Amino acid sequence: MSDPIAVGYLRWIILAPLIGAAINGLLGTRIQKAAGKNAIAAIAIVPVLISFVLALNAFRQLLSLPADHRFLLDSVSRWIHVGHLRVDMAFWVDPLSAVMILVVTGIGGLIHLYSVGYMHEEPSFWRFFAYLNLFMAAMLTLVLGDSLLTLFVGWEGVGLCSYALIGFWYKEWANASAAAKAFLVNRVGDFGFIVGMFALFWGLDQTGQGTLVVREIAQRAHLLDGQLLWGIALPTFITMALFVGATGKSAQIPLYVWLPDAMAGPTPVSALIHAATMVTAGVYMIGRLNFLFSMAPATLHVIATIGVLTAFFAATIGVAQYDIKKVLAYSTVSQLGFMFIAMGVGAYSAGIFHLFTHAFFKACLFLGSGSVIHALHHEQDMRHMGGLRKYMPVTFSTFFVSTLAIAGMPPFAGFFSKDEILWQAFASPHGHWWIWLVGTITAGITAFYMFRQVFMVFFGEYRGAHGGHHDDAHGSHGAHHGHAVHHPHESPGIMTTPLIVLAAGAVLVGFLNVPGGLGGSHRFETWLAPVLEPAHEAPVHEPHGLVKKVEHAAEETLEHAEHDPLEYLLMVISVLVAGGGILLAWLMYVRGKIDPSFFSDAWAGVPYRTIFNKYYVDEIYEAVFVNGALGLSKMLAAFDRVIVDGIVNGVATLTRLVSQADGAFDKYVVDGIVNGVGAVTMWVGARARAVQTGHIYSYLYAIVIGFVVIMFARLL
Amino acid sequence: MPTNVLTWMIFLPLVGAIVVLCLPRNAANLIRGTATFFTIPPLIMAVWLYQHFDRATSDMQFVTKIPWIPSFNIQYFIGVDGISITMVLLTALLSFICIIASFGIEKAMKAYFALFLLLDAAMMGVFCALDFFLFFVFWEVMLLPMYFLIGIWGGPRREYAAIKFFLYTMVGSVLMLVAMLALYFYAEPHTFDLLELASRSGSYSTGFQRIAWIGLFIGFAIKIPAFPFHTWLPDAHVEAPTAISVILAGVLLKMGTYGILRINYPILPAATLDFAFYLLIALGTWNIVYGALCAMAQTDFKKLIAYSSISHMGYVMFGMATMTSEGINGAVLQMFNHGTVTAMLFLLVGVIYDRAHHREINGFGGLAGIMPFYTGWTALAFFAAMGLPGLSAFISEVLVLLGGWRSYPALTIVSASAVVLTAGYMLWTMQRIYLGKANEKYVGLPDINGREIFTLVPLGIIVVVLGVYPRPVLDLINASLVHLNQVVAGKAQVALATAGNMVP
């Protein structure tokens, strides 16, 4: 890798929103009172805009460089230099992080804009935007940090912001619980991450080359080859531990449980954090360290397996949900599963590409659902929706387009990215046909439940007018209840504009990576090639780091030109399966040809109830881990109180008994002998009483003066 | 001032104590003002010290050395190096803050402030003393005011707590005294000079080193407090008034780990290597996990924080025991960071206790809506205690664990699991006290006031700044710790090599 090009502006991509967060967070109440909510909004949005412009500038600068020189570095200051550890506050942009910062600032900016409309009645408007900005800063730190430790700062930072935003309406106990759950489950992942990070540092340090700086790890990763920890190949250990971190942040089995509950937060938060950005952190981290994961085929197999299982199980849960946001939440978990399939089969750029397209259509879907929820005064149950197509044309059309994209219909964005993943799952040396098969079935289920949602929400007749109000998701929107029940209305322009932009993205961004088989040139993949190992590369690790890969990149592009006819076949199959899913949804929810109860009653409803109750995973976790930890803690606390402290008190009691016995001996035996001396003692005692005044002050004087005298008597 | 600065820092509070005692009993503001006045110069001197401290050397600085009791070769010998200067800074800061935090004390306030200043002087003395006898004198002097401060101004079970604290520490003192005298007589010519004792460490047999090490260690372990000598701490904290809790957790606990670094490590290096590798690391790990789990089960807010202190002090022991540059730097940094973070936590418990007059975690609910600023401060302290990146404790914990991995990967993983446990009890507490529906009983409770915020602001700033930029402390301590590490490793080898010839 060539030397980085030093620049000084990358830090401002992070600092701008951080300053915004600081201003709104510290002075927000006053600003909101004095200058109104628009001032708050401006303070929050302008920094994001600055970040976006700077991100664009970084991207432009990268474009102007030859492919293997695309690397900008902004070293701010020394951070931790202790022992062998050398970590600086430094931020870098390479093709991979450039994509990420554009997604984060671009989509994040749109969501900020949307939030101005969505949250306009919120009394703590300032607090919301302070958190949003803080989140942006944390996410950008995660992306731009040049070492694993700086990355981890952002990694935990987004967890914190997620906690704050899920629990934004903290007066509801359920929201507070969801927030704590999200943070805790993420912490389990973080635990894995730090273990992986320590093991990695240690492995390199044993060869005298310890580092946590990503580009140095890339150059030195080959040193880990052949090292063992407890009989496990070190690269496998490291990547497995890091992957645990990824399952936390990116909501994969077994740590996905926090994400559906995270929907307790305001809807823009769901769009920003729990769909478009934060949850992609795990995928990004694996992409960032892809050279390490490529050294550990065993880990890759685990990742692919976990990915495909998560995709499948989450999709099945999505089928049975009625909450408009919960459906989207499970679809996010499922789509993240697809990204992990890609990572697991070594098709890193395909995974990142799906991350990229997913950000657009999922943000659009979430914001669209927010628009619906907003219009229906915080109704989230799809059974009380319907027919909204007529009332909310913009929301409907953007939602519809994004649904087509997530369902993988050509030529929408999701088609290109998902098909690339399925193809790689089949064709990559790390892939396997069963992964492809389950993935394709999952794509069909996805199409079904997403169109089920579209049909239930936007088609048919409006079912909400007579249903009255249902439980708000939160408590602080009492103002809404003043509205009379009337027809839903389209959301204001500040909310629909972001929808339109995102929907346009859902249509267009797929064309950035048209595969060779369809006459494209994989431009996205080529752009990432200097960073990400191409999928077709043999699983054998490339010892010379990144430089070699750039050379491969050119060959790769050529390789794509000779496409496999099988690729077309699989493509057609997956489109047909997805089409089948849509058709089924149409028959069930528009035409009414198939009664949904047909499925819910099948086999006495056991499979349906299992899915409806999310496989009872929450209940199992609660019983095993939460109660297990609490039980253990109560046990230890009792041990501490009864045994440890009991011994202490026991010793004290014993001492007292001995002293009493001794005292008795003293009184009746020893004292008997010296009784005669007693008179003298009494006499002295009467005179000495003056000293023992019983006043604390007198003692104090004695202590202090005595101390001073001792100290100075010898000095003088 | 330059050469005597440490002497001034030690004895000005003592002068303050005497002056306070001379004031009229009812002049409340005069007493408060005077007490505050005598903690300000040490604080200014601390800043001066920080600026003029030479970061490049591991030698003692600002040294004063005069004979005190020549017949026993006892000296008034004080000075600071990288290890002690952080503690001196912490003591100066927390003493000032705690005086302010004590303004609410009404019962026998003259005595309270006098005792407090005496405590301040003794703490300073412990961290500056370089003569073992002097160290011991300060160590014992510190006990006395602490005993009275808990025993007189404490809660309902104050007498039990105070006596427990006192006796526990006395047991440690006795062992320390024996070990001190053993070292004194073992050295030829007899001396209490810590540097002198350290320079002769090569001549101590391993058997002698081990016995002396254990004696000293138990004395210090009680202060840390290390399991199983920790049960005095929750009781003392629960009963102690807020400011005393702050001092107790913020400064006094550090004396235990400081003592080990100052005395056990350089003077008994061979035993240190022996025991550090087993005892210290095991106790450190156990403290971390055990403390966290015990904290989770507490229903008293203050007891919970007390157990969290036990857990966090475990990191210090763990880092010290790793004998790596990262670990030992992390340990001393953690001593400083824990001092600031836990001080915030205890101050914050005090805020709510002053208003609600109880600390039952389940007895609150929804305070965020009633006291938003108070909640904001608590959130900062809680997340700092959780070791959130960007806040100070994160860096020290990472350094400790990173250093630990080299020798003890399995124990490091066990210790690191505390990140989940800590988050668990902190967030659960957060939720029960601050989130959810507002408890009707406490609607209208006044938010945190200016004086309380004033005590929190400096700590908050330090927590944030050191999280982003830890160099101010790391640069202070690094040279001394690297040196100490080398000394221990090097001397221990010499001692172990020659140990065969020496029979104790």
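The values are calculated or read from the model by the stated rules, or taken from the named source; none is laboratory data. Everything numeric in this text was worked out from a predicted model, so none of it was measured. For neighbour counting, all protein chains shown are included, and Cβ atoms are generated from backbone atoms with ideal geometry for every residue, glycine included.
Exactly one residue among B:V341, B:V349 is assigned to a helix (DSSP H, G or I), more than 14 Å from chain A (Cβ to nearest Cβ) and touching a Phe, Trp or Tyr at 6+ places or on another chain (Cβ under 9 Å), and that residue is B:V349.
Among the residues that make up the stretch B:369-378, is at least one of them surrounded by fewer than 24 Cβ atoms within 10 Å (Cβ to Cβ), modelled with pLDDT under 90 and hydroxyl-bearing (S, T, Y)? Taking every residue of the stretch B:369-378 in turn, none turns out to be surrounded by fewer than 24 Cβ atoms within 10 Å (Cβ to Cβ), modelled with pLDDT under 90 and hydroxyl-bearing (S, T, Y).
One residue stands out in the stretch A:363-402 among those that are among the small types (G, A, S) and outside any loop (DSSP other than H, G, I, E, B): the one that is farthest from A:A275 (Cα to Cα), namely A:A375. Among all positions in the stretch A:212-220, there is at least one residue which is within 12 Å of another protein chain (Cβ to nearest Cβ), closer than 30 Å to A:R78 by Cβ and touching a residue at least 24 places away in the same chain (Cβ under 8 Å).
Determine, yes or no, whether B:F185 is in contact with a strand residue (DSSP E or B) (Cβ under 6 Å, 6 or more places away or on another chain) and among the aromatic types (F, W, Y). Here the answer is no, as B:F185 does not meet what is asked. Collect the residues in the stretch B:144-171 that are among the hydroxyl-bearing types (S, T, Y) and under 19 Å from the mean Cα position of the chain (by Cα), keeping them in residue-number order. If the condition is that a residue be among the hydroxyl-bearing types (S, T, Y) and under 19 Å from the mean Cα position of the chain (by Cα), then B:Y147, B:Y168, B:T169 are the ones that fit. The lone criterion from (1) more than 25 Å from A:Y114 (Cα to Cα); (2) assigned to a helix (DSSP H, G or I) left unmet by A:G208 is number (2).
Please tell me if B:R406 is more than 9 Å from chain A (Cβ to nearest Cβ) and of a type in the set (K, R). No, not satisfied. Candidates are the residues of the stretch A:155-183 that are within 16 Å of the chain's Cα centre (by Cα) and either free of Cβ contacts under 8 Å to residues at least 40 places away in the same chain or facing chain B (nearest Cβ under 7 Å) (or both); the one that is surrounded by the most Cβ atoms within 10 Å (Cβ to Cβ) is A:E156. The residue that is farthest from B:H190 (Cα to Cα), counting only those in the stretch B:55-100 that are in a helix (DSSP H, G or I) and of a type in the set (S, T, Y), is B:S95.
Residues satisfying the criterion are present in the stretch B:470-477 (criterion: crowded, with 21+ Cβ neighbours inside 10 Å and assigned to a loop (DSSP other than H, G, I, E, B)).
Taken over the stretch B:428-445, the criterion of being assigned to a loop (DSSP other than H, G, I, E, B) and either basic (K, R) or farther than 25 Å from B:A295 by Cβ (or both) is satisfied by B:K437, B:A438, B:V443, B:G444, B:L445. Among the residues of the stretch B:389-397, is there at least one that is acidic (D, E) and surrounded by fewer than 24 Cβ atoms within 10 Å (Cβ to Cβ)? No, the stretch B:389-397 contains no residue that is acidic (D, E) and surrounded by fewer than 24 Cβ atoms within 10 Å (Cβ to Cβ). Evaluating B:V15 against the criteria (1) within 14 Å of chain A (Cβ to nearest Cβ); (2) over 30 Å from B:Y112 (Cβ atoms) leaves one unmet condition, (2).
Against the list (1) within 30 Å of A:F599 (Cα to Cα); (2) at pLDDT 90 or above; (3) in contact with a His (Cβ under 8 Å, 6 or more places away or on another chain), the condition A:A264 fails is (2). For the stretch A:592-641, filtered to residues that are surrounded by fewer than 11 Cβ atoms within 10 Å (Cβ to Cβ) and part of a helix (DSSP H, G or I), the residue that is nearest to the other protein chains (Cβ to nearest Cβ) is A:V624. The criterion of at least 1 residues that are in contact (Cβ under 8 Å) with a residue 24 or more places away in the chain and aromatic (F, W, Y) is met by the following helices (runs of 4 or more DSSP H) wholly inside the stretch B:138-244: B:158-186, B:206-223, B:232-239.
Only one entry in B:S309, B:S396 is closer than 25 Å to B:V457 by Cβ and more than 13 Å from every other protein chain (Cβ to nearest Cβ), namely B:S309.
A:R78 meets the conditions (1) closer than 30 Å to B:V482 by Cβ; (2) touching a residue at least 60 places away in the same chain (Cβ under 8 Å) in every case but one. The failed one is (2). Residues that are at the interface with chain A (Cβ under 9 Å from one of its Cβ atoms), more than 25 Å from B:V171 (Cβ to Cβ) and not in a helix (DSSP H, G or I) are absent from the stretch B:114-133 altogether.
Here is a yes/no grid of residues against (1) hydroxyl-bearing (S, T, Y); (2) closer than 29 Å to B:D193 by Cβ; (3) in contact with a Phe, Trp or Tyr (Cβ under 9 Å, 6 or more places away or on another chain):
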site: B:V20; (1), (2), (3): no, no, yes
site: B:P70; (1), (2), (3): no, yes, no
site: B:A111; (1), (2), (3): no, no, yes
site: B:F116; (1), (2), (3): no, no, no
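Examine the stretch B:75-96 for a residue that is away from chain A (no Cβ under 14 Å) and more than 19 Å from the chain's Cα centre (by Cα), and state whether such a residue exists. No; the residues of the stretch B:75-96 include none that is away from chain A (no Cβ under 14 Å) and more than 19 Å from the chain's Cα centre (by Cα). Checked against (1) of a type outside the set (S, T, Y); (2) surrounded by 14 or more Cβ atoms within 10 Å (Cβ to Cβ); (3) within 26 Å of B:T36 (Cα to Cα); (4) more than 12 Å from chain A (Cβ to nearest Cβ), B:R451 meets all criteria but (2).
Exactly one residue among A:A241, A:A271, A:A275 is assigned to a helix (DSSP H, G or I) and at pLDDT below 85, and that residue is A:A275. Scanning the stretch B:402-411 for residues that are touching a residue at least 40 places away in the same chain (Cβ under 8 Å) and either under 24 Å from the mean Cα position of the chain (by Cα) or in a helix (DSSP H, G or I) (or both) gives B:L402, B:G403, B:G404, B:R406, B:S407, B:L411. Would you confirm, using the coordinates I've provided, whether A:A275 is in the same structural domain as A:A363 (by TED's automatic domain parsing), buried (at least 24 other Cβ atoms within 10 Å of the Cβ), over 27 Å from A:H81 (Cα atoms) and touching a Lys or Arg at 6+ places or on another chain (Cβ under 6 Å)? Spelling it out, A:A275 is indeed in the same structural domain as A:A363 (by TED's automatic domain parsing), buried (at least 24 other Cβ atoms within 10 Å of the Cβ), over 27 Å from A:H81 (Cα atoms) and touching a Lys or Arg at 6+ places or on another chain (Cβ under 6 Å).
Considering (1) of a type in the set (D, E, K, R); (2) facing chain B (nearest Cβ under 7 Å); (3) touching an Asp or Glu at 6+ places or on another chain (Cβ under 8 Å); (4) under 20 Å from B:L435 (Cβ atoms), the lone condition that A:R187 does not fulfil carries the number (3).
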